[in-house]
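> Below you will find the structure I want to go over with you.
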Amino acid sequence: MARMAGQRRRGDPVLHRAIREIVVEHRDEWLPGLAGGSEVRLRELSDRPRCRMLTVTVGDAAVPQLLAKVRRDAAPQPAGRPTLATGVLSAAELSALEHDGLCLIAEQVSGDDRFAAVRPVAHLPEHRTVLMEYVEADTLRDRLVRESRVHRLAHRRATEPTAMEVWSAVGGWLALHQRAVPPDGLPARQQTREAVLAHLEACGGFLDQHLGTRAVGDVVARASRFVALALPATLELAVGHGDFAPRNVFALDDGRVAVFDPLFRWAVPRHEDLCRFLVGLRLSGLALHSHGLAHPSGHLEAIETAVIRGYAPDGDPAREQLRAYGLLILIDKWTALVASSRTGLGRLRRGPLRLASSHLRGEVDRLLQAAED
């Protein structure tokens, strides 16, 4: 076991050599004015099921200047779970999509002082690796944790006068992205009301099968009835980010936000990314494990309001449609939780699964009550 751990720490020598060679070759272009020599030091930052991340430090610098993200092929998905997206891309395809997406974001935010970009510097397709600048900043998920009741600095952080500006900037980034990038040529998902209703029906059947009708209750049926009334027959589309969530947005010290981890693969209903972000606020790990009690009363509601105002500063962005699609995302996330509990990765015991499902059902019911009032 010790030998295997040592081998894991050493990593892939071929990849390491390729990174060192390309960094040395482009040192002056990518890192102009850098003091010291051309020594390249690599350090593993994280090792996840779908990717590894390595920091790259050059010369005499004390902090990394670049990050290497190495994609892995995804593990097979649990059979039988209904999913919004179909088809699985290879690690090489995902790596190329992420590199192109980072390039596009850097171009679209250029000149706008509300936003920053995670600048890509190279793509190593044979190694399924993207080299990008290293950003020393917290994500918005980190900020959520700091603003929670369980964090010792929660009160000070939550009452800072500019605390909501960063959340408003996230909504502004999404609006800019949707204006700047047309969805032409991308395959469409859930383009019609009937497709949304079909997915809700499939989710309801999956949840009934694995949790029992008593645990699920009538919330999926109520959601379907609301969606049938709230959504138009055909939905307006936009380019989807792929995973628009607080964990994929940096909050820089100067107040700017930088969105990363893009996979511009689908044309999706215009409200999907906004709803994914708002649902992500409610279903962060801390919120899920504390059943919503980790955050002060009204705090998440204030964040939601700031994000929506940033997205649509001049008016109401079709609230009924937002709620309808939010219900779809919530229920889809519920099925994902149940499916993951049945695999070796992220397996939940019966008791924690029951409690987490109860919280998710409560979130669906909360959104339904707001929609039905």
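The values are calculated or read from the model by the stated rules, or taken from the named source; none is laboratory data. Keep in mind that what you see is a predicted model, and the values were worked out from it rather than measured. Cβ atoms come from the backbone with ideal geometry, glycine included; neighbour counts cover every protein chain shown. Heads up: the accessible areas ignore ligands, DNA and RNA and are worked out on the full protein's heavy atoms, side chains in. Shrake-Rupley method; radii C 1.70, N 1.55, O 1.52, S 1.80 Å.
> Name the pairs: first residue in segment 243-255 and assigned to a loop (DSSP other than H, G, I, E, B), second residue among the basic types (Lys, Arg), Cβ to Cβ under 7 Å, at least 6 apart or on different chains?
Filtered contacts from segment 243-255: Phe244/Arg276; Ala245/Arg276.
> Inspect all residues belonging to segment 38-46 and state whether any of them is assigned to a loop (DSSP other than H, G, I, E, B) and touching a residue at least 24 places away in the same chain (Cβ under 8 Å).
No, segment 38-46 contains no residue that is assigned to a loop (DSSP other than H, G, I, E, B) and touching a residue at least 24 places away in the same chain (Cβ under 8 Å).
Yes/no matrix, rows are residues, columns are (1) closer than 26 Å to Ala336 by Cβ; (2) at pLDDT 90 or above:
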{"position": "Arg41", "(1), (2)": "no, yes"}
{"position": "Arg48", "(1), (2)": "yes, yes"}
{"position": "Thr55", "(1), (2)": "no, yes"}
{"position": "Ala61", "(1), (2)": "no, no"}
{"position": "Gly80", "(1), (2)": "yes, no"}
{"position": "Thr83", "(1), (2)": "yes, yes"}
{"position": "Val88", "(1), (2)": "yes, no"}
{"position": "Asp100", "(1), (2)": "no, yes"}
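> To continue, here is another question. Any chance you could count how many residues in segment 256-311 are in a loop (DSSP other than H, G, I, E, B) and either buried (at least 18 other Cβ atoms within 10 Å of the Cβ) or not small (Gly, Ala, Ser) (or both)?
Number satisfying all stated conditions: 17.
> Still on this structure, I have one more. Return the residues of segment 111-127 that are in a helix (DSSP H, G or I) and open to solvent by less than 50 Å² (accessible area, probe 1.4 Å); say none if nothing qualifies.
The one that is in a helix (DSSP H, G or I) and open to solvent by less than 50 Å² (accessible area, probe 1.4 Å): His127.
> Looking only at segment 225-232, decide whether some residue is under 18 Å from Glu272 (Cα atoms), buried (at least 16 other Cβ atoms within 10 Å of the Cβ) and under 25 Å from the mean Cα position of the chain (by Cα).
yes
> Here are some residues: Arg270, Arg265. Which one is farther than 25 Å from Pro352 by Cβ and in contact with a strand residue (DSSP E or B) (Cβ under 7 Å, 6 or more places away or on another chain)?
On the way: Arg265 fails: in contact with a strand residue (DSSP E or B) (Cβ under 7 Å, 6 or more places away or on another chain).
Answer to the check: Arg270.
> Can you find even one residue in segment 339-350 that is modelled with pLDDT of 80 or more, out of contact with any helix residue (DSSP H, G or I) (no Cβ under 6 Å at 6 or more places or on another chain) and over 24 Å from Ser148 (Cβ atoms)?
Looking for residues that are modelled with pLDDT of 80 or more, out of contact with any helix residue (DSSP H, G or I) (no Cβ under 6 Å at 6 or more places or on another chain) and over 24 Å from Ser148 (Cβ atoms), one finds at least one in segment 339-350, hence yes.
> Please tell me if Leu131 is part of a helix (DSSP H, G or I) and either open to solvent by less than 40 Å² (accessible area, probe 1.4 Å) or under 21 Å from Gly242 (Cα atoms) (or both).
When the stated conditions are applied, Leu131 does not pass them.
> Scan segment 23-52 for residues that are in contact with a strand residue (DSSP E or B) (Cβ under 9 Å, 6 or more places away or on another chain), aliphatic (A, V, I, L, M) and over 16 Å from Arg119 (Cα atoms) and report the count.
So the count comes out to 5.
> Give all pairs with beta carbons closer than 6 Å in which a residue from segment 305-324 that is under 20 Å from Ala223 (Cβ atoms) and among the hydrophobic types (A, V, I, L, M, F, W, C) meets a residue that is open to solvent by 20 Å² or more (accessible area, probe 1.4 Å) and not in a helix (DSSP H, G or I); count only pairs at least 6 apart in sequence or on separate chains.
Leu322/His271
> Mind checking which residues of segment 1-37 are in a helix (DSSP H, G or I), at pLDDT below 85 and open to solvent by 90 Å² or more (accessible area, probe 1.4 Å)?
Initial filter on segment 1-37 (in a helix (DSSP H, G or I)): 2-10, 13-25, 27-30.
Those left that are additionally at pLDDT below 85: 2-10.
Within segment 1-37, Arg3, Met4, Arg8, Arg9, Arg10 meet the criteria.
> Look at segment 353-368 and say how many of its residues are open to solvent by less than 40 Å² (accessible area, probe 1.4 Å) and of a type in the set (Lys, Arg).
0
> With Val219, Val268, Val259, Val249 as the choices, which residue is in contact with a Leu (Cβ under 6 Å, 6 or more places away or on another chain) and not small (Gly, Ala, Ser)?
Going through Val219, Val268, Val259, Val249 in turn, the sole match is Val249.
> Among what's in segment 358-373 and is assigned to a helix (DSSP H, G or I) and at pLDDT below 90, pick the residue that is nearest to Leu286 (Cα to Cα).
His359
> Enumerate the pairs (first residue in segment 257-284 and in contact (Cβ under 8 Å) with a residue 12 or more places away in the chain and at positive phi; second residue anywhere and acidic (Asp, Glu) and surrounded by fewer than 22 Cβ atoms within 10 Å (Cβ to Cβ)) with beta-carbon separation below 9 Å, excluding pairs fewer than 6 apart on the same chain, so at least 6 apart or on different chains.
Short answer, once both residue conditions are applied: Asp261/Asp243.
> Moving on. Among the residues of segment 202-246, which ones are of a type in the set (A, V, I, L, M, F, W, C) and modelled with pLDDT under 95?
Leu211, Ala215, Val216
> Name, by its number, the condition in (1) closer than 23 Å to Leu322 by Cβ; (2) in contact (Cβ under 8 Å) with a residue 12 or more places away in the chain; (3) open to solvent by 50 Å² or more (accessible area, probe 1.4 Å) that does not hold for Arg222.
(3)
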